[in-house]
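A.B. asks: Here you go, one structure.
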């Protein structure tokens, strides 16, 4: 019986979303006969098991959590956003020598950084929205040269669930949008609005083989922001209504991004489908993982029900490696 340590929560705005993903994962794993230990990282940095706080400070509770890592066969770090999805927990697992579900430090850190992700996509010939990088300390200077034009989307460089994201059509709203984004990251991305259909592609890596279930299309009125993501107003269509040739182009772009970033386990690539083809929006190396999340919906459309998906992700977990080790001779 595989002993899985599931980590939820986290020290960022996605804390509650991560707890929901972790709870669903725990239920699925226990339902499929796995031995599961569940721990939660509090907003204050204290780690908790299912009964109590593991220590009086972030450092002492982390030390207690490391002991739990040592007891587990596989770690499932279901923490979205900074200090989780960005490779932080993958690095901890690498240091502890524990196999982990999902991507390692390098893919997590680059995938979480929307500016770096744009540079990787551009190198691959995958379109992204024209954009500018703004530092929070330079907002006043940036306001002198940023042009709203037909509209811009302002977002933190490293944050998830659309926290801190605003669509701006009026130049007078730009400063407020920049300062809102700066609450979540000191680097801000200002991108031209892309007109197109929002289509997500999940990519999974199992036994060295990557594959993608049918893409999912998001239908929402206006910006697919934090409220729309979680208030039930958005509609999803799986499979997305794409011609076979268009779907092939879209999936190929997702697979190439997955490979270039060095992702593992599962990742979700979010695109706009436009007259020019796919335009990459962002990459999620630890996407939402409740039954109602996009990735499980796509996998269900491929004939992989939720419980099987979670079990397969655990089975595909590998030790985190960042290149070949240097051995003494």
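A.B. asks: Check 279, 283 and return the single one that is in contact (Cβ under 8 Å) with a residue 12 or more places away in the chain, touching a strand residue (DSSP E or B) at 6+ places or on another chain (Cβ under 8 Å), farther than 17 Å from residue 196 by Cβ and in a strand (DSSP E or B).
C.D. replies: On inspection, the qualifying residue turns out to be 283.
A.B. asks: Inspect all residues belonging to the stretch 303-320 and state whether any of them is in contact with a strand residue (DSSP E or B) (Cβ under 8 Å, 6 or more places away or on another chain), buried (at least 24 other Cβ atoms within 10 Å of the Cβ) and not in a helix (DSSP H, G or I).
C.D. replies: yes
A.B. asks: Tell me which helices (runs of 4 or more DSSP H) are completely within the stretch 81-141 and hold 1 or more residues being over 21 Å from residue 189 (Cβ atoms), or say none if there are none.
C.D. replies: Values: elements: 88-96, 105-112, 114-124.
Result: 88-96, 105-112.
A.B. asks: I'd like to check something: does the stretch 141-153 contain any residue that is crowded, with 21+ Cβ neighbours inside 10 Å, under 30 Å from residue 102 (Cα atoms) and in contact with a helix residue (DSSP H, G or I) (Cβ under 8 Å, 6 or more places away or on another chain)?
C.D. replies: Scanning the stretch 141-153 turns up no residue that is crowded, with 21+ Cβ neighbours inside 10 Å, under 30 Å from residue 102 (Cα atoms) and in contact with a helix residue (DSSP H, G or I) (Cβ under 8 Å, 6 or more places away or on another chain).
A.B. asks: Out of 224, 236, I need the residue that is at pLDDT below 95, within 21 Å of residue 304 (Cβ to Cβ), outside any helix (DSSP H, G or I) and in the same structural domain as residue 265 (by TED's automatic domain parsing). Which one?
C.D. replies: 236
A.B. asks: Another question about this same structure. Answer yes if at least one residue in the stretch 254-272 is within 23 Å of residue 158 (Cβ to Cβ), at pLDDT 95 or above and over 18 Å from the mean Cα position of the chain (by Cα), and no otherwise.
C.D. replies: No, every residue in the stretch 254-272 fails to be within 23 Å of residue 158 (Cβ to Cβ), at pLDDT 95 or above and over 18 Å from the mean Cα position of the chain (by Cα).
A.B. asks: Still on this structure: Kindly indicate whether residue 69 is more than 19 Å from residue 257 (Cβ to Cβ) and either modelled with pLDDT of 95 or more or assigned by TED's automatic domain parsing to the domain that holds residue 283 (or both).
C.D. replies: Details: more than 19 Å from residue 257 (Cβ to Cβ): yes; either modelled with pLDDT of 95 or more or assigned by TED's automatic domain parsing to the domain that holds residue 283 (or both): no.
The answer is no for residue 69.
A.B. asks: Here is a further query. What is the residue count in the stretch 255-273 for residues that are in contact with a strand residue (DSSP E or B) (Cβ under 8 Å, 6 or more places away or on another chain) and more than 19 Å from residue 161 (Cβ to Cβ)?
C.D. replies: Final tally of qualifying residues: 9.
The values are calculated or read from the model by the stated rules, or taken from the named source; none is laboratory data. This structure is a prediction, so every number in the text was calculated from the model and none was measured. No Cβ is skipped: glycine too gets one built from the backbone with ideal geometry, and neighbour counts run over all protein chains shown.
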